[in-house]
Amino acid sequence: MPIQILSEEVVAQIAAGEVVERPASVVKELLENALDAGAGHIRVEVTGGGRQRIRISDDGSGMSPDDAPLAFHRHATSKLRTADDLTHITTLGFRGEALASIASVSHLTMVTRHAGFPAGTLIRLQGGQVAEHKSVGAPIGTVITVENLFYNTPARLKFLKKDSTERRHIALIVSRYAMAYPGVRFVLEQDGRELFRSSGSGQLGDVLVAALGLDTFRDMVEINAEQPGQPIRVYGYTSAPSLHRADRTHITLFVNGRWIQDTRLAYAVTQAYHTFLMTGRYPVSVLLLEMPSEEVDVNVHPTKAEVRFRSGDSIFAALQRAVRRAIIDLAQTPAMRGRYYSGRAPSAEWGLDDSHLQLDLNLDLESPGQYARYHAPALAQERSDPTAVPVGLGAPVRPRTLPILRAVGQIGATYIVAEGPAGMYLIDQHAAHERILYEQFMEEQARQEQPAQYALSAQSIHLPPVEARLVEENLDVLHSVGFSLEPFGPNTFVVRAVPALLADQPPADVLTALIEDLESGVRPGQASIEERIVQRVCKQAAVKAGQILSLDEMQGLIRQLERCQSPLTCPHGRPTMIHMTTEQLARQFGRLG
Ligand code: ADP
Ligand code: MG
């Protein structure tokens, strides 16, 4: 093909590809514009995962009749004049590309009015071409409606995920901006249901309760660190060591009001927990960094989620120091769950106005046993407790996979000491019980038996919006392992039954643990979501380290382990036992030459 200059239209679509990757990118760009326009109230309405329609209304400055049509030209911006301005950007946008890009791949309608003008302007575009342009009556501010996104770029459309996935991404974006701008009131409505709302009170704590849930927020500490003479301020909330997650994605960072992705800074946060968290566990943090605009270069990537720092090392150090300080201070005061934050007390304003939800959240804080008694229907008590540590006799008769072992005693309420023909065995009681429960569960599944369920008096569980979408996406899998769970209004689920193994656990805790597994998604080489959920259920149900067992219980556990197909490892692959042969013992005691 000979060289040709591409047409305007093709150029616009190529550029759009960089900025508008999915519906959530549209939401992001339009939110940034509303925030840059000084809005105090922003409403986001989404239909059909954003493909059908996204509407964002703000009460910001609006645009004059002259400016309104210019906004759709590429490289048209009111936020930047000279290249020099790029070194101290104080707005979220500056590239002048977003509106042009979004308009080129959708049907877009904008109604806007600036305070200095008696009337507003309506502009309608189709694939970037103006189809209508007129003066209309309108309130001050801007409403942008984006419909039929990617209607003219079928390739992009094909790559979009399920609606539920897109909805989750959108909820994530909205909650992030709400965190960075607690003084702005955000409302997110998806398919006519309100899923998220922040009060605009100016308190980050209020937003975190709405976005993460009160239960998570209770376990977070406030950080507010300013170093005299240092231009960097670090503030926000980070988890007490008792609250942790399986991956780094719960570390949320902002620089000058912009959400950023920065592995190095996330590492600084993780590092601050050194010795406070087990390896492989990560904190939940929402941290905002503020520094002079010339310290950060935001012109690195079209989506503006990556930034470059002029003095990266001192920012790394400031962040790590601030987090470390907060955790050490906390460690020195007696742990009092629910007392970490210094914000105001929870109130109806936080969206927890539904009294029975409050009740659930509070019950959550009681011990699991108490909870189960409170809710246990009479029926359940008649059944033998499936989570009980097996006692001596009555183990199912399966071929033996270990030699006969005799329980001798327990060490540290954690390990069982046993004797066998080939020497001494130390058994990790938790790992061993996990293995037993897992194989029982899988056997039942293989026999196509409906997993044993434990009926609860129906209770509702309220989840943060992002987590709620994940549960919605995986309802089938959850049903197949024995949860009876139904969506019940925005972000709320009614739980009617849990797998029998989990009878004595608060359903809210169980779901939180499961959501972690769902969040990590399916990666190549990893067990399926279903299998991992089963593993999680067994882990939650298994006898814990630190639990004193009777000799009968120890012997019963060993009996069942002896008949597991893979008795030597727990379902996650960790060893269930250590074996010391008679020879090894003899050698240690110098009895063997
Ligand atoms: P950028 O935000 O990088 O300037 P955009 O394409 O997102 O580029 O927007 C172009 C211009 O349109 C902005 O610079 C701003 O002047 C105007 N604009 C866009 N959205 C709004 C809004 N919600 N309220 C007021 N002005 C807006
Ligand atoms: Mg913009």
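Conditions tested, residue by residue: (1) over 15 Å from Leu287 (Cβ atoms); (2) outside the structural domain of Ala318 (by TED's automatic domain parsing); (3) not β-branched (Val, Ile, Thr).
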residue	(1), (2), (3)
Arg197	yes, yes, yes
Val207	no, yes, no
Pro228	yes, no, yes
Val234	no, no, no
Pro241	yes, no, yes
Ala246	yes, no, yes
Phe254	no, no, yes
Trp259	no, no, yes
Give just the number: which of (1) outside any loop (DSSP other than H, G, I, E, B); (2) under 17 Å from Ser311 (Cα atoms) does Val221 not satisfy? (2)
Taking the condition under 17 Å from Ser25 (Cβ atoms) and more than 16 Å from ligand 2 (Cβ to nearest atom), does Glu147 pass? yes
Please verify whether Thr512 is in the same structural domain as Gln459 (by TED's automatic domain parsing) and closer than 20 Å to Glu439 by Cα, treating the condition exactly as stated. no
Would you be able to tell me the number of residues in the stretch 95-123 that are open to solvent by less than 10 Å² (accessible area, probe 1.4 Å), in a loop (DSSP other than H, G, I, E, B) and within 14 Å of ligand 2 (Cβ to nearest atom)? 0
With the structure loaded, tell me whether Gln429 is within 30 Å of Ala211 (Cβ to Cβ) and touching a residue at least 60 places away in the same chain (Cβ under 8 Å) or whether it fails that test. no
All conditions in (1) open to solvent by 60 Å² or more (accessible area, probe 1.4 Å); (2) touching a residue at least 24 places away in the same chain (Cβ under 8 Å) are true of Tyr177 except (1)
Which of the residues spanning the stretch 112-131 are in contact (Cβ under 8 Å) with a residue 24 or more places away in the chain and among the hydrophobic types (A, V, I, L, M, F, W, C)? Ala115, Phe117, Ala119, Ile123, Leu125, Val130
Wholly inside the stretch 435-529, strands (runs of 3 or more DSSP E) that include 3 or more residues that are in contact with a helix residue (DSSP H, G or I) (Cβ under 7 Å, 6 or more places away or on another chain) and open to solvent by 20 Å² or more (accessible area, probe 1.4 Å) are 453-462
Kindly evaluate Ser25 against the criterion of being modelled with pLDDT of 85 or more, more than 10 Å from ligand 1 (Cβ to nearest atom) and under 23 Å from Gly257 (Cα atoms). yes
Scan of the stretch 13-34 for residues that are among the hydrophobic types (A, V, I, L, M, F, W, C) and open to solvent by less than 20 Å² (accessible area, probe 1.4 Å), ordered by number: Ala15, Ala16, Val19, Val20, Ala24, Val26, Val27, Leu30, Leu31, Ala34
Sort out which residues of the stretch 81-93 are surrounded by fewer than 13 Cβ atoms within 10 Å (Cβ to Cβ) and under 27 Å from Ala119 (Cβ atoms), and write them in order of number. none
Residue in the stretch 141-151 that is nearest to ligand 1 (Cβ to nearest atom), counting only those that are touching a strand residue (DSSP E or B) at 6+ places or on another chain (Cβ under 6 Å) and open to solvent by 60 Å² or more (accessible area, probe 1.4 Å): Glu147
Find the residue count for the stretch 286-317, including only residues that are closer than 28 Å to His244 by Cα and part of a helix (DSSP H, G or I). 6
Determine if the stretch 155-163 includes at least one residue that is in a loop (DSSP other than H, G, I, E, B) and touching a Lys or Arg at 6+ places or on another chain (Cβ under 9 Å). yes
Quick one: which of Lys539, Lys544 is of a type in the set (Lys, Arg) and assigned to a loop (DSSP other than H, G, I, E, B)? Lys544
Hits in the stretch 124-140 (condition: surrounded by 12 or more Cβ atoms within 10 Å (Cβ to Cβ), part of a strand (DSSP E or B) and either touching a Lys or Arg at 6+ places or on another chain (Cβ under 7 Å) or outside the structural domain of Phe72 (by TED's automatic domain parsing) (or both)): Ala131
Selection within the stretch 545-573 - loosely packed, with under 13 Cβ neighbours inside 10 Å and in contact (Cβ under 8 Å) with a residue 60 or more places away in the chain: Gly546, Ile548, Gln565
Selection from the stretch 235-270 of residues part of a loop (DSSP other than H, G, I, E, B), open to solvent by less than 20 Å² (accessible area, probe 1.4 Å) and at positive phi yields Gly257
Can you say whether Gly49 is more than 14 Å from ligand 2 (Cβ to nearest atom), assigned to a helix (DSSP H, G or I) and not assigned by TED's automatic domain parsing to the domain that holds Thr303, as far as the supplied structure shows? yes
Counting only residues in the stretch 57-80 that are within 16 Å of ligand 2 (Cβ to nearest atom) and open to solvent by 70 Å² or more (accessible area, probe 1.4 Å), the one farthest from Ala131 (Cα to Cα) is identified as Ser78
Pairs, please: C-beta under 7 Å, at least 6 apart or cross-chain, first residue more than 20 Å from Ala34 (Cβ to Cβ) and in the stretch 248-269, second surrounded by fewer than 22 Cβ atoms within 10 Å (Cβ to Cβ) and among the polar types (S, T, N, Q)? Arg248/Thr270; Ala268/Gln320
Count of the stretch 439-476 residues which are under 29 Å from Thr165 (Cβ atoms) and either among the acidic types (Asp, Glu) or touching a residue at least 60 places away in the same chain (Cβ under 8 Å) (or both): 18
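Conditions (1) among the hydroxyl-bearing types (Ser, Thr, Tyr); (2) modelled with pLDDT of 90 or more; (3) under 18 Å from the mean Cα position of the chain (by Cα), marked per residue:
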residue: Val143; (1), (2), (3): no, yes, no
residue: Pro154; (1), (2), (3): no, no, no
residue: Phe186; (1), (2), (3): no, yes, no
residue: Ser201; (1), (2), (3): yes, yes, no
Subset of the stretch 136-180 [farther than 24 Å from Leu125 by Cβ, in contact with a Gly (Cβ under 7 Å, 6 or more places away or on another chain) and not small (Gly, Ala, Ser)]: Asp163, Arg167
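The values are calculated or read from the model by the stated rules, or taken from the named source; none is laboratory data. Just so it is clear, the model here is predicted, and its values are computed rather than measured. Every residue, glycine as well, gets a Cβ built from its backbone with ideal geometry; the counts of neighbours run over all protein chains shown. Accessible surface areas use protein heavy atoms only, side chains included; no ligands, DNA or RNA. Shrake-Rupley method; radii C 1.70, N 1.55, O 1.52, S 1.80 Å.
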